[in-house]
Amino acid sequence: MQPVVVLLVLLAGLGCRAVEVKRPRGVSLSNRSFYDETKPFTCLDGSRTIPFDRVNDDYCDCVDGTDEPGTAACSNGKFHCTNPGFKPQYIPSSRVNDGICDCCDTTDEYNSGAHCQNTCREMGRKEREELEKKAEMAREGMLLKQKFIEEARKGREEKQVQLQELVEKRQSVQAEVDVLRTEKEAAEKPETEAKDAHKAEWEERRDAEKLAMEKKRALEVFTELDQDSDGMLSTPELLAHTELDSDGDGSLSDKEALDLLGGSYSVNSATFIDSVWPQMKEKFKSESDVPPLPPVEEGTESHPEIQPEEEEEDDDVVEGEEEEEEDDDSDEDHRAPPSKSPTEEVEMPPYDEVTQALIDTAQVARNKYDEAEKSLREIEDTIRNLEKEISLNFGSHGEFSYLYGQCYELSTSEYIYRLCPFNRVTQKPKVGGSETNLGSWGFWSGPENDRFSTMKYEQGTACWQGPNRSTQVKLYCGKETVVTSTSEPSRCEYLMEFFTPAACHQPVDIPQEEHDEL
């Protein structure tokens, strides 16, 4: 059996004193009662009892390895490092005497010849300094947290009062809207009747004018086609108008002309206007609509595609001729403008004074109604926003309410991440590309004993052939409110670290030297 070693135990308090406690090597003080050298040893799993001198004899007798806490004999054994001045710890027994110092108190290398230094007190000092910094941060954070809690309490009370006032105001505004709607409808009825009457009268007059113009045009065409001016239009008089061809051969035959006149050899103007003109007006081309070809001098070939050069003006122009040309231009300028086509749209004339007065009255009523309805919508939007904010869980004492409506950004080499607490998380490339939704506010997802330590944002933009993006936000105590890191541990699942005073807790007292075996 290996000799029993004497370990030092440090007591927390104003002073520390060493106490010698006899126990087998690698056994923690809490398990000392199981290792009584005056009695046989029973494996801690209860599977076997062996003589005590077989404990730490470098041979594994127990299945659970508990008979060899201080040697490397059992592959599943555990060696306890007392580490006075620092935190005790367990290491696998396989690391005992392997030449590498795993315990800061060097007790795991008692027989390897390794030159180890006891660093427990230095490590304990550094850890206590770090814990003190965190404790100081927690204390400062708690001051801010208490301020947030008080502001949240006052803000919630104010919002509840505001909500009640808006609900009452909504009722009065709704009543006003109902009255103004009735007045508006009453004013719009005579307005609509007057506008409809004005439009109907104009349409009737417009249609009559169109019909008169159509008949006038038809009569003009009849006169043009009636070459012998006998008051009758015959089929031979139509044959020159090849554009009226119906079979597509480029010419108008006697039969086609006869069919066009309804089977009659000739028709009078009345029949032409009523029956023939409606069939041919889309195709008919008047001779006056075709510009005349330029005259060709005798002995000169005609080349329509070549434009002749303009002749130089004769310097010896007779003054009278010049005046005559100017007179011609003057006559042309004073010609009557061409009449509008029957198909040309004519704008409706302005309303008369009585109709316009009804329109103005109705418009005033509409403006009042629209203004009141807009005010009602704004009140209802504010009520919905207040109800939503009041219904949100801002922590056990409302400490996280100051985050509502705020956004915090983190810039990386490629993206700008934006966290808007209780709203959503987004990612936007720094160069080009649109914003991607990484999740909308879902719920608090921390463990049962620390529920408000984690936020869950879900149902973000769907990944390509994958799930919708989601983000988990881990909250840590900090004097400032800031996003410190973001990562994607799993595809389409993001992780953020978010520091805020609202996540701070009252720090516990830090002992001068931590030790779990005092």
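The values are calculated or read from the model by the stated rules, or taken from the named source; none is laboratory data. Given the structure is predicted, the values throughout are model-derived calculations rather than measurements. In this analysis, Cβ positions are derived from the backbone assuming ideal geometry, glycine residues included, and neighbour counts consider all displayed protein chains.
You will find that of A194, A218, the residue that is in contact (Cβ under 8 Å) with a residue 40 or more places away in the chain, in a helix (DSSP H, G or I), under 30 Å from A362 (Cα atoms) and small (G, A, S) is A194 and no other. Of all residues in the range 473-495, those satisfying the criterion of being in contact (Cβ under 8 Å) with a residue 12 or more places away in the chain, more than 19 Å from the chain's Cα centre (by Cα) and in a strand (DSSP E or B) are V473, K474, L475, Y476, C477, V482, V483, T484, S485, T486, L495. Residues in the range 88-99 that are part of a loop (DSSP other than H, G, I, E, B) and farther than 17 Å from N31 by Cβ: N97, D98, G99. For the range 266-280, the set of residues classified as in a helix (DSSP H, G or I) and buried (at least 16 other Cβ atoms within 10 Å of the Cβ) consists of S269, T271, F272, I273, V276, W277, M280, listed by residue number.
All of G124, G141 fail the test of being assigned to a helix (DSSP H, G or I), surrounded by 15 or more Cβ atoms within 10 Å (Cβ to Cβ) and in contact with a strand residue (DSSP E or B) (Cβ under 9 Å, 6 or more places away or on another chain), apart from G141. A count restricted to the range 167-191 and to residues that are among the charged types (D, E, K, R) and touching a residue at least 24 places away in the same chain (Cβ under 8 Å) stands at 8. Residues in the range 102-142 that are free of Cβ contacts under 8 Å to residues at least 60 places away in the same chain, at negative phi and not charged (D, E, K, R): C103, C104, N111, S112, A114, H115, C116, Q117, N118, T119, C120, M123.
Take the residues in the range 413-427 that are farther than 16 Å from C463 by Cβ and surrounded by 15 or more Cβ atoms within 10 Å (Cβ to Cβ); name whichever of them is nearest to the chain's Cα centre (by Cα).
By that ranking, first place goes to R424.
Here is a yes/no grid of residues against (1) under 30 Å from P350 (Cβ atoms); (2) of a type in the set (A, V, I, L, M, F, W, C):
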| residue | (1), (2) |
| --- | --- |
| V167 | no, yes |
| E185 | yes, no |
| E201 | yes, no |
| D247 | no, no |
| D254 | no, no |
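Applying the condition of being at pLDDT below 90 and hydrophobic (A, V, I, L, M, F, W, C) to the range 13-43 and asking which residue is farthest from Y59 (Cα to Cα) yields L14. When each of D45, D102, D58 is tested for being surrounded by 15 or more Cβ atoms within 10 Å (Cβ to Cβ), assigned by TED's automatic domain parsing to the domain that holds K22, in contact with an Asp or Glu (Cβ under 8 Å, 6 or more places away or on another chain) and in a loop (DSSP other than H, G, I, E, B), the lone residue that passes is D102.
Of all residues in the range 65-83, at least one satisfies being in a loop (DSSP other than H, G, I, E, B), within 22 Å of K22 (Cα to Cα), touching a Pro at 6+ places or on another chain (Cβ under 8 Å) and among the hydroxyl-bearing types (S, T, Y). Scanning the range 413-428 for residues that are over 27 Å from K388 (Cα atoms), among the polar types (S, T, N, Q) and at pLDDT 95 or above returns no hits. The set of residues in the range 28-42 that are basic (K, R) and assigned to a loop (DSSP other than H, G, I, E, B) contains only K39.
Only residues that are part of a loop (DSSP other than H, G, I, E, B), of a type outside the set (F, W, Y) and touching a Leu at 6+ places or on another chain (Cβ under 6 Å): list them for the range 396-435, please. Within the range 396-435, just P421 meets the criteria. Kindly evaluate S229 against the criterion of being surrounded by fewer than 16 Cβ atoms within 10 Å (Cβ to Cβ), in a loop (DSSP other than H, G, I, E, B) and polar (S, T, N, Q). In short, yes. Just to check your reading of the model, which residue among G439, G466 is touching a Lys or Arg at 6+ places or on another chain (Cβ under 8 Å) and in a strand (DSSP E or B)? Of G439, G466, the one residue that is touching a Lys or Arg at 6+ places or on another chain (Cβ under 8 Å) and in a strand (DSSP E or B) is G439.
Count of the range 143-166 residues, restricted to those that are touching a residue at least 24 places away in the same chain (Cβ under 8 Å), among the β-branched types (V, I, T) and more than 27 Å from L475 (Cα to Cα), is 0. Of all residues in the range 198-209, none are in contact (Cβ under 8 Å) with a residue 40 or more places away in the chain, buried (at least 16 other Cβ atoms within 10 Å of the Cβ) and of a type in the set (A, V, I, L, M, F, W, C).
Mind checking whether some residue in the range 168-177 is exposed (fewer than 15 other Cβ atoms within 10 Å of the Cβ), modelled with pLDDT under 90 and part of a helix (DSSP H, G or I)? No, the range 168-177 contains no residue that is exposed (fewer than 15 other Cβ atoms within 10 Å of the Cβ), modelled with pLDDT under 90 and part of a helix (DSSP H, G or I). In the condition set (1) loosely packed, with under 12 Cβ neighbours inside 10 Å; (2) within 25 Å of K388 (Cβ to Cβ); (3) β-branched (V, I, T), V431 is compliant with all but (2).
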